[in-house]
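Encoded as structure tokens, the structure appears first; notes follow it.
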Amino acid sequence: MIVRSKLPRVGTTIFTVMSQRAAELGAVNLGQGFPDYDIDPRLGELVHEAMRQGHNQYAPMPGMPQLREAIAAKLDRSYSVRVDPDLEITVTLGATEAIFSSVQALVAPGDEVIVFDPAYDSYEPAVQLAGGVCVHVPLQPPRFRYDWDRVKAALSARTRMVIINSPHNPACTCISAQDLATLAELLRGREVCLIADEVYEHIVFDGRAHHSVLAHPELRQRSIAVFSIGKTLQATGLRVGYAVAPRTLTAELRKVHQFNTFTIATPLQVAIARYLGERPDCGDVLRTFLGAKRDRLIAALADSSLLLPEAEGSFFQLIDYRAISDLTDVEFADELLMRARVATIPLSVFYQQAPPMTLLRLCFAKRDETLDEGAARLQAYARKRNGAAPAAVRPAPSGKPW
Ligand code: GLN
């Protein structure tokens, strides 16, 4: 039988490909964004406890009430916003499901969705499966700032949705209050909803504040803000996220959510609600913890010929390799994997039409020894390219799958 693909241009994601290749080659995996260190043991205890106490059957479709209440308290603490846990919060299977279900609920065939390149890879397939069309507005390296004139030009009578992402993956930038004000002005009077992918909300550096759309009264009326428990608790395998939106948007989102994933693992929801109650400051702890990781990676690469653009937020750091190679970023990521045994993520794959650039993304949510080893290998490679005596490539840290 000939299978007619609904997503003919989609292959396996760059994250999965890089992680698989890193594992095969025994490379240090600084590619896919996931921590390689243990979770807080208290979270594990709470999951065990929830299962032992019998929280093992279907949760209510929008999420366990105690988790939605804990999320509402967290949003109040973080952004001084009041959200109705019953009508405005939906617990989802990771942020990816929140985005996917929102797009299926709100985008109709022929509708246009504005995305900003480099765009996270799940946005466009979600739009395509809804029958919509992505209109790509590029953010130009090296600073990746919004060009609001281009956004204005991209808005049309068919625009139904805009998707923003801050802190931004993979550009590592943060949206400013002025950006949100300009966006609000551009969307005023239009039937356009906004998805704000804010999964790295707590990971902002150097005294920055995260500007959530929820704290912008006008944008909030048209927004679905998407968050990630996996990112905040540093346990990406939980696959628990949530969407916060006004009740009319939430009602539509839930129509899809109930037939897409229906409910999210009950013992996890019970445990996460208790954990958030016990550790209300977990976001602040995370910021400090990952700030130190970022600084460690930067220090370890400081005297290499790799340039390090400022990472404003997210748990990624970009490296600019222009001083040591003319290869494209995809070629250079392959070169680093094969010769330095370090997995990274090229940025051009997140563009519809990539501008010339020499940037790779490194994840620093890794154990110190992983960061040190990865940086040592990159340093050794860079020295070799510069003609100095090469340092030997050491084997991967023992006992680790990457
Ligand atoms: N969010 C992760 C990253 O940016 C990837 C998750 C995935 O592999 N789908 O690296």
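Here are the numbers for this structure:
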read-out	value
Search result, residues across region 139-177 that are surrounded by 14 or more Cβ atoms within 10 Å (Cβ to Cβ), of a type in the set (S, T, N, Q) and away from the ligand (no atom under 16 Å from the Cβ)	Thr159, Ser176
Residue pairs meeting the criteria (Cβ under 8 Å; at least 6 apart or on separate chains; first over 29 Å from Lys74 (Cα atoms), in region 284-306; second charged (D, E, K, R) and modelled with pLDDT under 95)	Ser304/Arg383; Ser305/Arg385
Check on Ala95, more than 16 Å from the ligand (Cβ to nearest atom) and either more than 24 Å from Glu201 (Cβ to Cβ) or not polar (S, T, N, Q) (or both)	no
Members of region 151-191 that are of a type in the set (Lys, Arg) and either under 18 Å from the mean Cα position of the chain (by Cα) or outside any loop (DSSP other than H, G, I, E, B) (or both)	Lys152, Arg160
Condition check for Leu268: crowded, with 21+ Cβ neighbours inside 10 Å and touching a Ser or Thr at 6+ places or on another chain (Cβ under 9 Å)	no
Residues (within 16 Å of the ligand (Cβ to nearest atom) and either at pLDDT below 95 or assigned to a helix (DSSP H, G or I) (or both)) located in region 17-71	Val17, Met18, Ser19, Gln20, Arg21, Ala22, Ala23
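Each row is one residue, and each column tells you yes or no for (1) in contact with a strand residue (DSSP E or B) (Cβ under 7 Å, 6 or more places away or on another chain); (2) polar (S, T, N, Q); (3) surrounded by 24 or more Cβ atoms within 10 Å (Cβ to Cβ).
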site	(1), (2), (3)
Val240	yes, no, yes
Arg254	yes, no, no
Gly283	no, no, no
Gln317	yes, yes, no
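Listed here are the residues, each with its yes/no results for (1) buried (at least 19 other Cβ atoms within 10 Å of the Cβ); (2) outside any helix (DSSP H, G or I); (3) under 21 Å from the mean Cα position of the chain (by Cα); (4) modelled with pLDDT of 95 or more.
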{"residue": "Leu327", "(1), (2), (3), (4)": "no, yes, no, yes"}
{"residue": "Glu335", "(1), (2), (3), (4)": "no, no, no, yes"}
{"residue": "Arg339", "(1), (2), (3), (4)": "no, no, no, yes"}
{"residue": "Pro356", "(1), (2), (3), (4)": "no, yes, no, no"}
{"residue": "Leu360", "(1), (2), (3), (4)": "yes, yes, yes, yes"}
{"residue": "Ala365", "(1), (2), (3), (4)": "yes, yes, yes, yes"}
{"residue": "Gly374", "(1), (2), (3), (4)": "yes, no, no, yes"}
{"residue": "Gln379", "(1), (2), (3), (4)": "yes, no, no, yes"}
{"residue": "Ala382", "(1), (2), (3), (4)": "yes, no, no, no"}
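The values are calculated or read from the model by the stated rules, or taken from the named source; none is laboratory data. Since this is a predicted model, take the numbers as computed values, not measurements. Glycine gets a Cβ as well: all are built from the backbone with ideal geometry, and neighbour counts include every protein chain shown.
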